[in-house]
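The values are calculated or read from the model by the stated rules, or taken from the named source; none is laboratory data. Keep in mind the model is a prediction, meaning the values are calculated, not measured. Cβ placement follows ideal geometry from the backbone for every residue including glycine, while neighbour counts extend to all protein chains displayed. Please note that ligands, DNA and RNA were not included when accessible areas were found on the heavy atoms of the full protein model with its side chains. Shrake-Rupley method; radii C 1.70, N 1.55, O 1.52, S 1.80 Å.
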Amino acid sequence: MSTHAFDKLIDQIDLFIRKYYKNQIIKGIIWFVGILLLTLLIVSGLEYFGRFGTIVRALLFFSFIFTNLFVLINYFLVPLTKLYSFGKRIDRYQASNIIGSFFPDVSDRLLNTLQLNDELSAQSGNLELIRASVVQRASNLSAIPFSSAIDVKQNLKYLKFVVPVFILVLGIAVFVPSFFTESSKRVVN
């Protein structure tokens, strides 16, 4: 019995996992840019109007740095490393559960096919019936494009939060450049 159908199913699950992490990376970039601009606006605005002392400026500076580093690491770098198989990734069972949340009629069948294949490799003897069942289930399931469950365009909904902040920062930078230059110079120094 050929395992080509099962290999195709595994390839589809692996494609889903890669697309899952790529989607997280795109979302992380959008979140990072939005939070970077927002924290820049807040820190610059507080210092521009407040003219704080050294301790408060240091607190503003380090909170800006740590907030943005946290967002960059957790929402961009961690998914990026997982995309390239560094660290603990979601496995095929977890991916099948995620796929099952998008395709409810596939959920149990996909998980059972993966478990049945693992059982097949753990046992010995005449396993042609189990192997045939795995191949049949895999060929039925491989007709469903799992990667279509991840819609990268849904990340555009986060832009509605980032674009106004970007326009505000751009407007202030064009019309009142001292808002950023003076306050940033004081905070950094």
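The stretch between N112 and I73, if pulled fully straight at 0.36 nm per residue, gains 10.5 nm over its current Cα-Cα span.
Taking a 1.4 Å probe, which of Y84, Y158 shows the most accessible area, and what order do the others take after it?
Ranking Y84, Y158 by accessible area, largest first, yields Y84, Y158.
Whole-Hz Karplus values for the range 42-59 come out as 5, 5, 5, x, 4, 6, 5, 8, x, 6, 6, x, 4, 5, 5, 4, 5, 5 Hz, taken residue by residue from phi with 6.51 cos²θ - 1.76 cosθ + 1.60 and θ = phi - 60°; glycine and proline positions read x. Sorting the Cα pairs of the chain by distance into bins of 10 Å, from 0 upward, gives 9, 25, 22, 16, 12, 9, 6, 2, 0 percent per bin. Rolling a 1.4 Å probe over the protein heavy atoms gives the chain an accessible area of 61 Å² per residue. Rounded to the nearest 10 degrees, what's the angle between the helix 178-188 long axis and the longest principal axis of the chain, both from Cα atoms, 0 to 90? Long axis of 178-188 versus the principal axis of the chain: about 80 degrees.
Label-to-label distance for D7 and T54 is 6.8 nm, based on points extended 7 Å past Cα in the beta-carbon direction.
Solvent exposure of D118, expressed as accessible area, is near 70 Å², computed with a probe of 1.4 Å over the protein chains only. Protein heavy-atom surface of the chain, 1.4 angstrom probe: 66% of the accessible area is carbon and sulfur, with nucleic acids and ligands not counted.
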